[in-house]
Each structure stands twice: as C-alpha cells, then as structure tokens.
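Undergrad: Right, I'll just put the structure down here and ask away after.
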Amino acid sequence: MTGIPDERAGGGRALWLMFAVLFLVAAFLGAWGLTQLDQPDSRCPPPDTRACRYPAADIAYFDAQLFLLASEPLQDGGPFPLPLEVARFLAPFATAYGVTASVWNILVDRRHRRAARRAQEHAVVVGDDPFALTITTALRAAGTAVIRVTGDADQHAQGLVVVGDAWKPATLRAAGVPRATTVYACLADNAANAAVVAAVAALTGEEGDHPEPLACYARISDGELALALKARRLGLSAGSGFRLDFFTPEEIAARKLATHILEPHLGTGDPLPSVAIVGLGPFGRALIVALARLWRVRSGAPLLPLVLVDRHASAQLAELRTRYPPVAAHCAPRVRDEPATTVDLGTVLPEPPSAGASGDAGTLGIRHLVLCDQNEDTVLPRALNTTRNTVDVGQIVTVCTGQRTALGDLLNPRLLDSAPGEVRIFAITDEAAEPDELRNDTLTVLARAIHEQYLIDEQAKGRTIGSAEPMELWDDLRDDLRAANYRQAEDIGVKLGKISAVVVPMTDPPTDFSFTPAEIDLLARHEHERWCAERRGQGWTFAPVRDDSRRRHNLLVDWLDLPDDQRAKAIATVRHLPALLADHGLQILRLG
C-alpha cells in the first residue's frame with residue numbers, strides 16, 4: 001500500500017489565522033499612528049496654528065501602503081509616533097508572511113495532488129457528512145490509507161482531500177480511483193451516489209492489476225430503492241469488473257444489534273430471549289427483520305417473543321410479514337398502537353413465556369428493551385428512569401441514537417451506577433460506518449444465509465452447532481468455507497439466467513415462483529459443475545479417498561457418477577433458493 005502524506009488542514013488554517021492577526025494589528029497600529037502624525041507645513045493652509053492632521057481618506061490610503069513599503073508620510077523620515085513605528089515594520093512582515101503562507105499552501109496542495117495520483121491500494125471516501133467522516137476515521141484507525149473526495153473546500157478536516165464534483169471522472173481519477181481497492185459513496189443524495197457509481201464503473205480497469213476487483217459501496221437513504229437496486233445487481237449474470245453493493249446504515253446497524261441480542265441464545269439449550277422494540281421507524285423495522293432472520297438458525301426454537309410499540313405498529317407489522325417471511329414464520333409479536341414517545345416504558349416489557357408453553361426447559365425471562373427512532377434529547381432520560389423503576393436486574397435497555405454522544409459515554413460502570421438495569425447506547429452511524437460491516441454486502445449476507453440453511457439441515461440430522469468446523473456460526477467459520485458460500489451466492493444470477501428468470505423485490509401478492517422438475521435438475525447439475533470448476537481452479541484433484549491436506553477430493557466426478565446423497569444436496573441447494581431470497585425481501589420472476 002502506497003503511503004499518503006497526512007498534513008493536517010488545521011495547520012493551513014493556523015497559518016492564515018496568524019496572518020489575519022498580524023494584518024489587523026499592523027493595520028490598526030498604522031491607522032492609530034497616522035492619526036497622530038502632522039502633515040508637512042507645505043500642505044497646511046496658513047495661517048493655521050492648530051495641528052494639521054491627515055484626513056480619514058488619506059489615513060486609510062497611507063495605512064494600506066504600509067504593507068507595500070511605500071507609505072508616503074514615511075518617505076521623509078521620522079521621528080514617528082510609537083504605534084506607527086511598530087506598524088511600519090509589522091506591516092511588511094505581515095505581507096511577507098502572507099506570501100510565504102500562500103506559497104506553502106500551493107506546494108502542499110500540489111504534493112497532495114501528486115500523492116493522490118500515485119496512491120495505490122487505498123480507500124476513497126466520497127462525502128463530508130458525519131457518516132463519511134466516521135468511516136474515514138475508522139479506516140485510518142485500521143491502518144488503511146484514505147483519500148476523501150468532497151465538494152466543499154472548507155471540509156479539509158484531516159488527511160488527504162480532493163475537492164471537486166465527485167461524480168466527474170476527472171475528480172475520481174485525481175483521487176486515484178483506478179488504483180484504489182475500495183470506494184465508499186456516502187453523499188447525502190441518492191442520485192449523486194448513483195452518479196459516483198457510474199463514474200467509478202467507467203474508471204474500473206483503467207489502471208493497475210489488482211488481485212481482487214475494486215469494491216464500491218453506495219449509500220442509499222431509501223430502503224425500498226436500496227432493495228430494488230440490490231435485486232438488479234444480484235440478478236446480474238455476467239461479471240462487471242468490480243464489486244458493487246447498495247446499503248442503508250440502518251440495515252447494517254440493525255444486523256449488528258440483532259447479533260448482540262440473540263447470539264447468546266442460539267444454542268439448543270440456551271435461554272429464550274424476549275425483545276421489546278419501541279419506535280418502528282427505518283431502524284426499528286430493520287431490527288425486526290434482522291432478529292427474525294437470525295432466530296431461524298436455532299433448530300426447533302419456539303417463536304421469538306416480541307413487543308412492538310408505535311402509533312402504526314399493526315400496519316407496520318403487516319407489511320413486514322408480507323415482505324419478509326421470517327418475520328411471520330419465526331416471531332410471536334404483540335403489538336401496541338401507541339406513540340413511541342409517550343408510552344409508559346415500564347409497561348411494554350414482554351412477559352417471558354413459561355418453559356411448559358415453549359417446550360424449552362432452559363427458557364428464562366431475559367428482557368431487552370430497544371428504543372429506536374426517537375428524539376435523542378428525551379429518550380435517554382426515559383431509559384434511565386425505566387431501569388430505576390424496575391426490579392428486574394436482568395433487563396437491558398438499548399438506546400439507539402444517530403451518532404455517539406458525550407452524554408452516552410457517561411454510561412460507563414466506572415463512572416455511573418449501572419444497577420438495577422443496564423442501559424446501553426447504540427450509535428447507528430458509528431456502528432454501521434465500520435469497514436468490516438460494510439464489506440458484509442448483499443452477496444455476503446446471502447452467503448451467510450446459505451451457511452445458516454446448511455446448519456439448519458445438519459441440525460435436523462442430529463449434528464450440533466460447533467461440533468465441527470463446517471458447523472460453526474458464520475463469524476467463527478473458516479475463511480475458505482466463507483469464500484465457498486460467497487461464490488455460491490455470486491452464482492445466483494447465472495443460475496436464474498439459464499431459465500430466463502430475474503430477481504425482484506417482494507410484492508403483495510408475491511409471484512409464487514416455483515422451479516419445474518427439469519429446471520431443478522438443470523440447475524443442480526450446474527451447481528455441481530460450478531463447484532468442481534472452483535475446486536479444480538484451487539488445485540484440487542480427484543482421489544477415491546478425500547484428503548484435504550493434499551487437496552484430493554472424492555466428489556470431483558461427473559454429475560451422473562455422483563452419489564445419490566450428494567446429488568440430493570445439490571438439488572436441495574436449488575430448492576432452497578426461492579425461500580433464501582424471500583427471507584431477504586426478494587423473489588424470483590420468470591420472464592416471458
């Protein structure tokens with residue numbers, strides 16, 4: 001990775017601040033001194049015994065001349081009033097200082113431009129809002145060289161910045177996009193981010209030979225639009241030369257919070273959690289979907305108890321159930337159609353189901369209260385008062401805010417008493433603007449879902465999570481196994497292209513797509529051939545007995561020679577595809 005100079009723009013501002021101070025002091029002293037200076041006798045009308053001083057217009061003119069060593073009253077020599085004595089030296093110094101600062105800034109700017117043009121294997125962040133600045137900070141903290149593109153010359157917070165219209169190829173070329181590894185389009189406007197994506201695509205492959213394709217992540221504020229764009233991208237049956245995904249910060253952060261809440265409860269004998277979500281704005285709805293998707297991994301689990309509070313909670317739930325089948329299949333919600341900002345939080349916590357009712361002897365009333373999409377100035381006091389008014393020391397109250405705040409940092413056990421309940425701050429922008437989270441693009445999410453389906457199938461056969469390397473949860477899975485799932489997800493568009501079908505967002509009513517027996521056989525055969533080609537490309541060869549250490553595999557055979565149980569796995573992969581997509585708000589549409 002090519003190093004990038006990191007002169008702070010604050011240093012440039014300090015230079016100009018010092019120049020402004022010198023200029024103002026010199027101008028003030030000069031004007032003050034000139035008001036005390038008498039005009040030559042030749043310019044004073046006789047007979048006048050009073051002091052003959054310069055008029056205001058002349059004082060302003062002669063004061064300006066001080067900065068050019070050409071002030072007329074100083075040409076005949078002194079003595080001069082003390083303020084003018086100081087000003088006649090300070091003013092030329094201020095001029096010289098200003099010229100030096102200008103030259104310095106020009107040289108630094110040229111150095112930055114040269115560094116940007118020569119940068120390699122770096123990240124480019126487009127935008128100057130809090131999300132863009134947060135991800136820039138996170139990337140630099142991880143040791144990644146970053147060039148930020150902004151349209152505002154005053155936004156030179158730190159590091160290397162290219163100023164210009166981000167959707168213009170010349171600007172992106174100046175930021176070294178053809179040699180970058182990743183581009184984050186984080187402008188506030190959806191159309192502007194789309195224009196950036198188009199410009200990046202035009203520059204892809206222009207220079208450099210990267211082992212991995214350029215990755216471009218574009219923020220879309222509208223969740224419906226983001227889903228539609230993801231569907232189009234997923235259905236692409238031919239490579240585009242770079243990795244592209246569309247995201248909303250709410251979706252990424254919700255996935256992360258759902259993992260924090262449910263991961264301790266995914267084992268067969270783990271206690272059953274119960275979650276109350278107050279406020280069903282974009283983040284609250286995304287959290288419901290993320291919880292439902294993750295809960296399906298637990299084999300034989302009862303429905304996930306939820307309490308949903310919002311003025312339009314019933315309508316919101318009905319829409320989510322239609323669009324995302326896991327919400328209908330894996331959750332047991334209770335709805336309260338009340339304003340989230342005024343509801344009594346002490347009354348919304350769900351009652352934990354009994355062990356007998358759920359059929360799970362390990363069920364406990366572990367409660368999670370999540371406050372979403374509310375005014376940050378009022379929601380934190382409500383959360384603190386809720387924990388003080390409850391006797392349930394196991395209660396966890398999560399306050400979801402837009403950004404990390406100093407007030408939230410006070411909620412530290414070393415600073416404040418955490419009893420009886422725990423209050424956590426979850427900053428959506430900070431949690432979503434992490435490079436590792438953004439790299440979990442649509443294909444990665446589907447790859448994770450493919451692996452989770454494998455865990456479900458294997459648990460039905462009696463295996464348990466963690467009993468073998470392939471049975472680990474996604475975050476603990478080996479990199480090569482993750483990559484295999486990713487390539488399978490990447491092939492979805494190719495498979496559907498073979499039967500003249502595409503991916504579209506879920507609708508009401510849905511398309512009710514189903515594969516024909518001939519299509520299942522065709523695509524299962526294709527999946528096996530794809531897997532064989534992938535393995536052979538990694539240096540694997542056939543052997544009657546599998547030996548991973550020597551890259552020998554007994555399944556590298558033709559489809560007709562494949563054992564029946566392995567053919568059944570390939571067929572199951574195809575059969576699961578409609579449900580896999582439906583879990584993520586997508587469906588298959590047959591063309592023609």
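Undergrad: Kindly evaluate I499 against the criterion of being in contact with an Asp or Glu (Cβ under 6 Å, 6 or more places away or on another chain) and open to solvent by less than 60 Å² (accessible area, probe 1.4 Å).
TA: yes
Undergrad: Moving to a separate point now. In the stretch 514-565, what residues are closer than 21 Å to A582 by Cβ and crowded, with 16+ Cβ neighbours inside 10 Å?
TA: Matches in the stretch 514-565: F515, E519, I520, L523, A524, E527.
The rows are residues; the columns are (1) touching a Pro at 6+ places or on another chain (Cβ under 7 Å); (2) under 28 Å from C186 (Cβ atoms).
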| position | (1), (2) |
| --- | --- |
| F247 | no, yes |
| E251 | no, yes |
| A254 | no, yes |
| E263 | no, no |
| L272 | yes, no |
| P282 | no, yes |
| R285 | no, yes |
| A301 | no, no |
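Undergrad: Pairs under 6 Å by beta carbon, first residue modelled with pLDDT of 90 or more in the stretch 532-549, partner open to solvent by 100 Å² or more (accessible area, probe 1.4 Å), six or more apart or different chains?
TA: From residues that are modelled with pLDDT of 90 or more, the pairs are G539/R551; W540/R551.
Undergrad: Further question: Would you call R424 in contact with a Ser or Thr (Cβ under 8 Å, 6 or more places away or on another chain), open to solvent by 50 Å² or more (accessible area, probe 1.4 Å) and closer than 29 Å to T248 by Cβ?
TA: yes
Undergrad: If you don't mind, another one. Which residue pairs have Cβ atoms under 9 Å apart, sit 6 or more places apart or on different chains, and have a first residue in the stretch 563-592 that is under 29 Å from V545 (Cβ atoms) and a second that is of a type in the set (F, W, Y) and open to solvent by less than 20 Å² (accessible area, probe 1.4 Å)?
TA: If the second residue must be of a type in the set (F, W, Y) and open to solvent by less than 20 Å² (accessible area, probe 1.4 Å), the pairs left are R567/W559; A570/W559.
Undergrad: Turning to a different aspect of this structure: Restrict the check to the stretch 264-281 and report whether at least one residue is part of a helix (DSSP H, G or I) and either touching a Lys or Arg at 6+ places or on another chain (Cβ under 7 Å) or within 30 Å of T347 (Cα to Cα) (or both).
TA: Taking every residue of the stretch 264-281 in turn, at least one turns out to be part of a helix (DSSP H, G or I) and either touching a Lys or Arg at 6+ places or on another chain (Cβ under 7 Å) or within 30 Å of T347 (Cα to Cα) (or both).
Undergrad: Any residue at all in the stretch 284-295 that's more than 26 Å from the chain's Cα centre (by Cα), of a type outside the set (S, T, N, Q) and farther than 22 Å from G402 by Cα?
TA: no
Undergrad: Then there is this: If you take the residues in the stretch 155-181 that are in a strand (DSSP E or B) and under 16 Å from A145 (Cα atoms), which one is modelled with the lowest pLDDT?
TA: Going through the qualifying residues, I end up with L160.
Undergrad: Return yes or no: is A292 free of Cβ contacts under 8 Å to residues at least 60 places away in the same chain, surrounded by 18 or more Cβ atoms within 10 Å (Cβ to Cβ) and in a helix (DSSP H, G or I)?
TA: Yes: the conditions hold for A292.
Undergrad: Separate question: Please tell me if L234 is closer than 30 Å to A383 by Cα and open to solvent by less than 30 Å² (accessible area, probe 1.4 Å).
TA: Taking the combined requirement at face value, the residue does not satisfy it.
Undergrad: Are there any pairs with C-beta distances below 8 angstrom linking a residue in the stretch 434-461 that is more than 27 Å from Y217 (Cβ to Cβ) to a residue that is open to solvent by less than 20 Å² (accessible area, probe 1.4 Å) and assigned to a helix (DSSP H, G or I), with the two at least 6 apart or on different chains, and if so which?
TA: Matching pairs, first to second residue: L455/M471; E458/M471.
Undergrad: Let me ask you something else. Being at negative phi, modelled with pLDDT of 85 or more and not acidic (D, E), is that true of even one residue in the stretch 70-82?
TA: Scanning the stretch 70-82, I find at least one residue that is at negative phi, modelled with pLDDT of 85 or more and not acidic (D, E), so the answer is yes.
Undergrad: Any residue in the stretch 52-64 that is closer than 17 Å to F89 by Cα sitting within a Cβ distance under 7 Å of a residue that is outside any helix (DSSP H, G or I) and among the polar types (S, T, N, Q)? List the pairs, counting only those 6 or more apart or interchain.
TA: F62/S71
The values are calculated or read from the model by the stated rules, or taken from the named source; none is laboratory data. Everything numeric here is computed off the predicted structure, so don't read it as measured data. A quick note on method: Cβ atoms are made from the backbone with ideal geometry, for glycine too, and the neighbour counts reach across all protein chains shown. Heavy atoms of the whole protein, side chains included, go into the accessibility calculation; ligands, DNA and RNA do not. Shrake-Rupley method; radii C 1.70, N 1.55, O 1.52, S 1.80 Å.
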